Amino acid sequence: MSESSGVQPALRVRQQAPSSPGLWTHGVHIIAENPVTGLAFGLFTLIVFAALFGPMIAPFDPLASNTAEALKGPTRVHWFGTDQLGRDIFSRVLVATRLDFTIAIASVALVFFLGGLAGVTAGYFGGWVDKLVGRIADTIMAFPLFVLAMGIVAALGNSVTNIIIATAIINFPLYARVARAEANVRREAGFVQAARLAGNSEWRLLLTQIVPNIMPIMAVQMSLTMGYAILNAAGLSFIGLGVRPPTPEWGIMVAEGASFIVSGEWWIAFFPGLALMIAVFCFNLLGDGVRDLIDPQRRT
Amino acid sequence: MIPSPLLAIRNLTVEFATRRGTVTAVKAIDIDVGKGETVAIVGESGSGKSVTSYALMRILDRAGRIASGSMIFSGLELARMPETEMRNLRGRELSMIFQNPRAALNPIRKIGHQIEDVLRQHALVGATQAQQKAIEALANVRIARPEERYHAYPFELSGGMCQRVVIALALACRPQLLIADEPTTGLDVTTQKAVMDLVSELTRERAMSSILITHDLGLAAAYADRVVVMEKGDVVETADANTIFRTPLHAYTRKLMRATPRPGCQLRDLLPEETISPVPSPVANQPSKQQHAPILRVENLIKEYPKAKSAGGLLSLLGGKSEEPFRAVNAISFCVGRGESVGLVGESGCGKSTTSLMVTRLIDATSGRIEFDGTDLTQIPARQFAASPFRARIQMVFQDPTDSLNPRFTAARAIADPLLRFPRLKPGESIRQRCEKLAGQVGLPLDLLDRFPHQLSGGQKARVGIARAIALEPDLIILDEPTAALDVSVQAIVLNLLQDLKQKLGMSYLFVSHDLHVVGLMCDRLIVMRGGEIVEQGNSADILANPRHEYTQALIAAIPAPPASR
């Protein structure tokens, strides 16, 4: 991961010892031990596939309206039915995956980098850095998070980038606190002292000794907040912030369909809602699986 | 023997289900414990001694199960007893003392209440007498002022005190059989003596039977009537405590006895007979023993900590609030000669670890000088010491080989870590080749270099730690209890390895330890510390033979008599 430039090729850290099983057999074992993890990985593959190839495999143009076919329930042609403008809901749900997934990935990556770095620095060095990061996290936590996200998007402007930033900001305390706690307990560990004796500077210690060891817990955190990020993005769109119609997006689709539920056209809101639920469910389950997979202690 | 023993274990086999299939931890063993008898189960890690006791209490973890055999305890079959009945027996008839007393006590409950819990669980007392009974139980384990201590929380008590509370808990219901699983591991040697004397006195008083599980042959010899030696899940020898050490029959018992450090033996005597190699000749330019030019000279070294952090609740309660900082190390002076081994001995809290951290320049001293090869190192702040060329010349081997290796680095990467910062390679030599050479020097098989720490045994991890420490060919190595976490046979090998490396590479050692015998074997000179001060220093053979200071005398007297000297 963070190898120094001076490492000779001969020393490249090999991923596993000869006697230990490879990542594949390890993964198979983890899934056999906990089939729910297998289900989560399956769903995850499905979501990634939809995000990558959704626009290509969608049977209809998600934006093309066809008033003759408006408000039709699920049929063999329109699997999820059509909306008030006659757009194919299945195609829209499929195409929306890419946007929602991108927002989630980007915001989680952003907060992982910023929150994680702030947290490990605070936990490792302590002192004023710790106080500063702690107070920032406290301030963010003092707001109702969704309202804070609304405020940020409203203030910065209605765009996908700003949704990503807002989602990252409200998740910051979670990352900063987990990273801080993990770095703090490892600060005095024997291997950190040993590396200090080897002449490593404090920043190198942080990056080569502490960070790799808190990766498992951060990966779990990422997977959990991924679901939350999708929900947050959809929620913002639902109330009319962020992504705007006619762009296919799960939150907008649920919002649009909500008014039709009373009159019996349940499928307009139901299927995007179902997609949203499956995505969040999948990421939450994935957390445990990811931890099992990358923890070296489990690979015996 | 006794006609009908209190406990008869017959053919007991315990299996664990793991990813690699079933592992048999205990293989068809037979053990008898008579009424009023103390039986010691001795063995190294992985011998199955703890598993046997867990099976007996029926507290094996989920993966473990009693595959076959029987355990008859005063007429009751424990191996197939339903859990509800077993729960009734635990604590009342059979009870257990665990290794880490602090972990065995609930940290947020007053110790008096914890004892009451046990008494009430077995309906031995009503609510009214409970407090009085609990205080009585505390008084029985010789805790001074039991009425006050009744209200103490575990964190307010020292390790030895906590172990007394655990013993009080175990004995509260007057059980017939007490199982003590390494009851004194982690305690100081004088505390160990006090705790063990207490256990043996109490069990004798109440005519109880006890099982003492230990890796320490000396402890077993001193306190047990009979000794059972276990190796890899088998009982290899069972005999009277007096005879087993005089005439050990099994090869494994003999190996264990050889490996136990004892007065009057040499380092090479610890190794099994067939593997002894000649002592390597010292390097040519090493000065003779008389004229050690000092490599390290410590003068008036002081380390103070602010009181709030160092003093526990009880201390500040007793002493009242004072603003004076706590002195962990109080003006000590000593020197280490080139090529010399100096032992730093003392009990926990004596300041020996703080001293070693200051000498390795991991923490700053409050005042005083640390002169290394003529330069005062206290001038360089600890934070900047990593960049100093002196960093490569002072290295350390840590106490816990597991904790001191990054779980995400392979052995090779761990050994290479210092070499990446201070590349001292010969022309044309790659870091990998250097690692392999170092692995060869410490006797680590090359195919283990690509393994992660959790795939290595304790001894192998210790070798990785040593290889890392010698990678930069330092002048001074601080050994911080390097063998405290190792089995005696592994300890014997590691100590010999360290000695050979010192001879070959001409290094100096500062050997920090609580074990006087080990230090006596390794070191030319000895420094005894207590409460941050040096109470005695001098030639190690002289100090061990005629200790002057009463504290040194107490330390030596507290070491349980090793078997050979009985």
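Where does each of A:Arg87, B:Arg262 land when they are ranked from fewest to most other beta-carbon atoms within 10 angstrom? Present the calculation step by step, with values, prior to reporting the outcome.
Numbers: A:Arg87 24, B:Arg262 20.
The order, fewest Cβ neighbours first, is B:Arg262, A:Arg87.
Grab the DSSP H runs of chain B that are 4 residues or longer, score each as -39,500 (n - 2.57), total them, divide by all residues and round the 222 nm result to the nearest 500 deg cm²/dmol.
On the way: 21 runs with 196 residues, N = 566.
Estimated from H runs of four or more residues: -10000 deg cm²/dmol.
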Seminar exercise, completed: Within segment B:43-98, DSSP-loop GluC sites (Glu not before Pro) with at most 14 other C-beta atoms within 10 Å are none
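Could the peptides B:213-219, B:28-34 be put in order, highest first, of the mean number of other beta-carbon atoms found within 10 Å of their residues? Don't jump to the answer; show the numbers that get you there.
Working: B:213-219: 22.6, B:28-34: 19.0.
Per-residue mean Cβ counts within 10 Å order the peptides as B:213-219, B:28-34.
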Exercise. Under the definition of Cα pairs under 8 Å and six or more residues apart, what whole-number percent is the relative contact order of chain B?
Worked result: 15
Exercise. Where the only charges are on Cβ atoms (+1 Lys, Arg; -1 Asp, Glu), what is the dipole of chain B about its Cα centre, to the nearest 20 debye?
Worked result: 980
Seminar exercise, completed: Sequence order, segment B:525-542: Karplus ³J(HN,Hα) from phi using 6.51 cos²θ - 1.76 cosθ + 1.60, θ = phi - 60°, Hz rounded, Gly and Pro as x, gives 10, 10, 10, 9, 10, 8, x, x, 10, 8, 9, 7, 8, x, 4, 5, 4, 5
Exercise. From the residues B:Thr203, B:Pro82, B:Ile108, which one has its Cα farthest along the dipole of segment B:55-211 in the positive direction, the dipole being from +1 and -1 charges on Cβ of Lys/Arg and Asp/Glu about the Cα centre?
Worked result: B:Pro82
Problem set entry | Positive dipole terminus of chain A, leading residue within A:Phe283, A:Met56, A:Val147 (C-beta point charges) | A:Phe283
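With a/c under 1.5 counting as rounded, go ahead and sort the protein assembly as shown into rounded, prolate or oblate using the C-alpha gyration tensor (a ≥ b ≥ c being the square roots of the eigenvalues; past the cut-off, prolate if a/b is larger than b/c, else oblate).
Details: a/c = 2.02, a/b = 1.53, b/c = 1.32.
Prolate is the answer for the protein assembly as shown, as a/c is 1.5 or above and a/b outweighs b/c.
Using just the helices of chain A, give the 222 nm mean residue ellipticity in deg cm²/dmol: DSSP H runs with n ≥ 4 each add -39,500 (n - 2.57), and the total is spread over all residues, rounded to 500.
Taken over chain A, the calculation gives -23500 deg cm²/dmol.
Classify segment B:403-473 from the C-alpha gyration tensor, please: rounded if a/c falls under 1.5, else prolate or oblate depending on whether a/b exceeds b/c. Before the final figure, lay out the partial values.
Working: a/c = 1.83, a/b = 1.60, b/c = 1.14.
Prolate, since a/c reaches 1.5 and a/b exceeds b/c.
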Exercise. Taking every DSSP beta bridge that has both residues in chain B, what percent is antiparallel when rounded to the nearest 5?
Worked result: 55
Seminar exercise, completed: Checking A:Phe283, A:Phe172, A:Phe125 against a Gaussian network model of chain A (alpha-carbon springs below 10 Å), the top fluctuating residue turns out to be A:Phe125
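How large is the charge dipole for segment A:106-190, taken about the Cα centre, if only the Cβ atoms of Lys, Arg (+1) and Asp, Glu (-1) carry charge, to the nearest 20 debye?
Numbers: 6 positive and 4 negative charges, 18 e Å.
In debye, rounded to 20, segment A:106-190 gives about 80.
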Exercise. About the Cα centre of the protein assembly as shown, what is the dipole size in debye to 20, counting +1 per Lys and Arg Cβ and -1 per Asp and Glu Cβ, all else neutral?
Worked result: 640
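Mind jotting down a quarter of the surface of the convex hull over the alpha carbons of chain A, in square nanometres, one decimal?
On the way: hull surface 77.8 nm².
Across all orientations, chain A yields a mean hull projection of 19.4 nm².
Using Cβ contacts closer than 10 Å as the measure, can you line up A:Thr37, A:Thr75 from fewest to most? Intermediate values should be presented prior to the final figure.
Working: A:Thr37 22, A:Thr75 11.
Neighbour counts put them in this order, fewest first: A:Thr75, A:Thr37.
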Problem set entry | Sequence of B:Val166, B:Val535, A:Val48, A:Val192 once ranked by neighbouring C-beta atoms within 10 Å, starting from the fewest | A:Val48, B:Val535, A:Val192, B:Val166
Exercise. Is segment A:139-179 best put as rounded, prolate or oblate by its Cα gyration tensor, with a ≥ b ≥ c the root eigenvalues, rounded for a/c under 1.5, and otherwise prolate when a/b is larger than b/c, oblate when not?
Worked result: oblate
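Every read-out reported here was derived from the displayed coordinates using simple, explicitly stated rules and does not represent laboratory data. It should be emphasised that the depicted structure is a prediction, and the values quoted were computed from it without experimental measurement. Note that we place each Cβ from the backbone using ideal geometry, even for glycine, and neighbour counts take in every protein chain shown.
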